[in-house]
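Notes follow the structure.
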Amino acid sequence: MNEKNRHYRVLELDKILERLAGFTACEDATEMARAISPQSGIKAARRALQQTSDAYMLILRFGEPSFYGLKNVKGILRRAESGGILSMGELLRIAQVLGIFRTLKLWRASAAKVEFTAVDDYFELLAPNKYLEDKIKNAVISEEEMADDASPELSDIRRKLRIASSKVRDQLDKMVRSTSYQKYLQDPVVTIRSGRFVVPVKAEHRANIPGLVHDTSASGATVFVEPMPVVETNNQIKVLVAKEEAEIERILTLLSQETGSFADSIAYSCENAIELNLIFAKARLAVEMKASCPHLNDKGIIRLGKARHPLLDEKSVVPIDIELGESYDTLVITGPNTGGKTVSLKTLGLLTLMAMCGLMIPADDNSQISVFEHVLADIGDEQSIEQSLSTFSSHMKNIIGILEIAGDGTLVLLDELGAGTDPVEGAALATAILEELRMYGAKIAATTHYAELKAFALDTGGVENACCEFDVASLRPTYRLLIGVPGRSNAFAICRRLGMTGHVVERAKAFVSDENSRFEDVVRVLESERSKMEKRRLETERLKDQLEQSRIQAEGLIHSAEHERERLIESARAQAGAMVEKARSQASQLLSELEQMKKDMSGENAAEMARRARQSYKSGLSSMEEAADPVDKKSQKEYRLPRPLKVGDEVIIHDIDKKATVLELADSSGKLLVQAGIIKTRVPEANLRLMEQGKKKGGVISTGLGGIRARASLDMRPELDIHGMRVEEALVELERYIDDAVLSGMRQVTINHGKGTGVLRSAVQQSLRENRSVRGIRRGNVSEGGDGVTIAELK
């Protein structure tokens, strides 16, 4: 175990556990945090990680439960169980712990929206005891004070004590205020000595005040005398104080006995509360690190995206992407000093250990980590003067120990493999060590400067090159880890950049073997091409994003114009309707006047006048109604009814695209009476399209209308997964899905677009906001998928 701990310390796991301990609320949880050991079993590691993940989710949704004041009271409980009498302070600690159990239960009940989590078993095993908690709190005020109403006997004793004390004080107050006694007193006050009320008397006047002397001042000038008139009352007080102490002890005995009867239940609950404190401390650490929960496996596969070393400043650290164990089992990392090779190695090892400890890691959500039987590391310079070990010797001693332990299910991390000795021998030794570890079945990540190891990685299956990127122009590393690319030393370029004479650099190049020169040239060309391709890719992504934004903006403008057009049409229709209604009212009034004229004026001329006026009114009114409707009617395409219409047929009023029902067949003018919604109107037969219930084909119901199809999903799901699609494809699929969902009567749907760069999420949310079938949208909460999903409320 000590050897394992040495490897863990090299990877700085102890510093992470110390940070974790800082989030705990009690000493036992603190010690448990420092003593956490990585779990090599997949089930145990997954269980621990799931508990942390669920606690993290509960904190984000409902806030953190309070563990303040939690203490391990097992020792106190066992003493009470064996018949010991607990002090008032110990009883208060028991009551405080019981209160914590109760508040934890209430907190979980308030988070009942989340039905089940991996930490629920711990909450269920908490056993609050309101009866005992209240009994202790009602009896004990503080660690040194018992409440008067702790028992009737104690209340009666204290009442008598107050009366007796008041009586004595009154008597002595009269004495110290009396002019006949004041000349004998050092000070006109009443004080207490040995539990009895006394007055300070000048030593030379001791004989003038009869009584008992209980004390003398340090100078001897004052004696504290209990006057004879109050001796008896003071005796009564002394007796009452003794009774009070006996009653308090009796109450403590009863409370201790009751506490002892619940000892097992409280002790078990305390263990679970401490475990909960540790789990929620892990969750708080995850919140601080902005961590996520990786997927665990036991197949030796590691895939980390945007991984950060948790001990480095989040604002300055450069996230890395690193893979191991899937297409290759050995990763050889090369690059200049201070370029980030060792940090990459430590990040890989530390995040693996954290996940095995049940801790969330600062990396992408979809990261994968394997559990290992052993995580072994040789990192840093451990030379020892006392043990006469050089840098090379100390490294070799560590590697020998690693070779003795390594096997299948082992992760081995080697920094500067083969360094500190002759380069030729060091490279040969490093290659042999890598081959030996691979033969054992270990997963390996190693850093080196040797070109021979770069060639070994290129020539050997299952071994991959990687490098830490270096910007020669600025002479600064970028700290990015590039998989599949061997690193260059850049020594000549750096020297030239720093101002070294050109002929010296060229002379140095001449000493390099042709083979090494050709290898470096190939690496340089590869690096140059990779850099160009990377710039092109970034430029393409930028242009693609700009194009997508422009398209979204254009669609937004189109939708806005359409909405504005509809608004203007509705406004015009309302105004026209008001005009028609006003004209109708005026015309009705005119007709009434004409009818009255008809009655008043007899003869054919008057009747003919009224008839013509009515005909003129109707004609003018129809013209006004037509003019008042500004809706653009659809062009009349050639259409022939498949059969004669009948009462009850479902039809479409073609020019306004409204569904209606036939109420009456055509009259002499060729118009049918139909009802569209609550409106009844007469429509020419040529403007009607019969809706026939077609056969369902491929989940689509045909309406029989030329060019009109109403989609109705046979098995609509409440979630659409467009994760990984291009924006154009995703928006087409989204629009089709929303139409189907509306026709299916759904009120809420979930769009899973993933997180990624956020371009797809922005496009989806913009499209949903502009869709007239969508009432509103919101971001998914943690349990629904967080930023990776959008929830849409449908009309």
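Please specify each residue of segment 559-574 satisfying the condition of being exposed (fewer than 12 other Cβ atoms within 10 Å of the Cβ) and either outside any helix (DSSP H, G or I) or not hydrophobic (A, V, I, L, M, F, W, C) (or both).
Step one: of segment 559-574, the residues exposed (fewer than 12 other Cβ atoms within 10 Å of the Cβ) are 560-561, 564-568, 571, 574.
Residues satisfying the conditions are Ser560, Glu564, Arg565, Glu566, Arg567, Ser571.
If the Cβ limit is 6 Å and pairs must be 6+ apart or interchain, which residue in segment 144-170 that is in contact (Cβ under 8 Å) with a residue 12 or more places away in the chain pairs with which residue that is among the small types (Gly, Ala, Ser)? Sorted first by the residue in segment 144-170, then by its partner, the pairs are Ala150/Ala139. The set of residues from segment 219-245 being out of contact with any Asp or Glu (no Cβ under 8 Å at 6 or more places or on another chain), more than 24 Å from Ser155 (Cα to Cα) and open to solvent by 20 Å² or more (accessible area, probe 1.4 Å) comprises Ser219, Gly220, Ala221, Met228, Pro229, Val231. Here Gln182, Gln186 are screened, and the one residue that is open to solvent by 50 Å² or more (accessible area, probe 1.4 Å) and either among the basic types (Lys, Arg) or touching a strand residue (DSSP E or B) at 6+ places or on another chain (Cβ under 7 Å) (or both) is Gln186. Set side by side, the residues Glu249, Glu258 differ, and just one is closer than 30 Å to Lys135 by Cα, part of a helix (DSSP H, G or I), open to solvent by 10 Å² or more (accessible area, probe 1.4 Å) and in contact with a helix residue (DSSP H, G or I) (Cβ under 9 Å, 6 or more places away or on another chain), which is Glu258. Of all the residues in segment 271-318, those that are assigned to a strand (DSSP E or B) and not β-branched (Val, Ile, Thr) number 9. Close contacts from segment 574-590, counting a first residue that is free of Cβ contacts under 8 Å to residues at least 12 places away in the same chain and a second that is small (Gly, Ala, Ser) and in a helix (DSSP H, G or I), with Cβ to Cβ under 7 Å and a gap of 6+ residues or different chains, come to none at all. Counting only residues that are over 21 Å from Arg772 (Cα atoms) and open to solvent by less than 60 Å² (accessible area, probe 1.4 Å), segment 533-558 holds 3 of them.
Can you confirm whether segment 487-504 contains a residue that is at pLDDT 70 or above, out of contact with any Phe, Trp or Tyr (no Cβ under 9 Å at 6 or more places or on another chain), outside any helix (DSSP H, G or I) and among the polar types (S, T, N, Q)? Checked segment 487-504: at least one residue is at pLDDT 70 or above, out of contact with any Phe, Trp or Tyr (no Cβ under 9 Å at 6 or more places or on another chain), outside any helix (DSSP H, G or I) and among the polar types (S, T, N, Q). Restricting segment 188-210 to residues that are modelled with pLDDT of 80 or more and of a type outside the set (A, V, I, L, M) leaves a set whose member that is farthest from Val241 (Cα to Cα) is Lys202. Within segment 777-793, residues that are acidic (Asp, Glu) have Cβ atoms under 6 Å from residues that are part of a strand (DSSP E or B) in these pairs: Glu793/Gln748; Glu793/Arg775; Glu793/Gly776, counting only partners at least 6 apart in sequence or on another chain. Scanning segment 128-179 for residues that are part of a helix (DSSP H, G or I), open to solvent by 70 Å² or more (accessible area, probe 1.4 Å) and more than 30 Å from Ala203 (Cβ to Cβ) gives Lys130, Tyr131, Lys135, Lys137, Asn138, Asp149, Pro152, Glu153, Arg159, Lys160, Arg162, Ile163.
Looking only at residues in segment 114-127 that are in a loop (DSSP other than H, G, I, E, B) and in contact with a helix residue (DSSP H, G or I) (Cβ under 7 Å, 6 or more places away or on another chain), which one is nearest to Phe62 (Cα to Cα)?
Val114
Look at (1) in a helix (DSSP H, G or I); (2) among the hydrophobic types (A, V, I, L, M, F, W, C); (3) more than 30 Å from Ile94 (Cα to Cα) and you find that Val225 fails only one, number (1). Here Ala45, Ala55, Ala29 are screened, and the one residue that is more than 25 Å from Gly380 (Cβ to Cβ), touching a Lys or Arg at 6+ places or on another chain (Cβ under 9 Å) and not in a loop (DSSP other than H, G, I, E, B) is Ala55. Condition first: under 30 Å from Asp364 (Cα atoms) and either in contact (Cβ under 8 Å) with a residue 24 or more places away in the chain or in contact with a strand residue (DSSP E or B) (Cβ under 9 Å, 6 or more places away or on another chain) (or both). Now tell me which residues in segment 740-756 satisfy that. Once the filter is applied, which keeps residues that are under 30 Å from Asp364 (Cα atoms) and either in contact (Cβ under 8 Å) with a residue 24 or more places away in the chain or in contact with a strand residue (DSSP E or B) (Cβ under 9 Å, 6 or more places away or on another chain) (or both), segment 740-756 yields Gln748, Val749, Thr750, Ile751, Asn752, His753, Gly754, Lys755. Residues in segment 727-748 that are surrounded by 13 or more Cβ atoms within 10 Å (Cβ to Cβ) and in a loop (DSSP other than H, G, I, E, B) were compared, and the one that is modelled with the highest pLDDT is Met746. Consider Val317 carefully, then state whether it is of a type in the set (A, V, I, L, M), on the phi < 0 side of the Ramachandran plot and either in contact with a Gly (Cβ under 8 Å, 6 or more places away or on another chain) or surrounded by 15 or more Cβ atoms within 10 Å (Cβ to Cβ) (or both). Here the answer is yes, as Val317 does meet what is asked. In the condition set (1) of a type outside the set (A, V, I, L, M); (2) on the phi < 0 side of the Ramachandran plot; (3) open to solvent by 10 Å² or more (accessible area, probe 1.4 Å), Gly380 is compliant with all but (2).
Among the residues of segment 749-776, the one identified as in a strand (DSSP E or B) and open to solvent by 40 Å² or more (accessible area, probe 1.4 Å) is Arg775.
The values are calculated or read from the model by the stated rules, or taken from the named source; none is laboratory data. The model shown is predicted, which means the values in this text are computed figures rather than measured ones. Quick reminder, even Gly has a Cβ in these numbers, built from the backbone with ideal geometry, and neighbours come from all protein chains shown. Remember, those area values only see protein heavy atoms, side chains included, never the ligands or the DNA or RNA. Shrake-Rupley method; radii C 1.70, N 1.55, O 1.52, S 1.80 Å.
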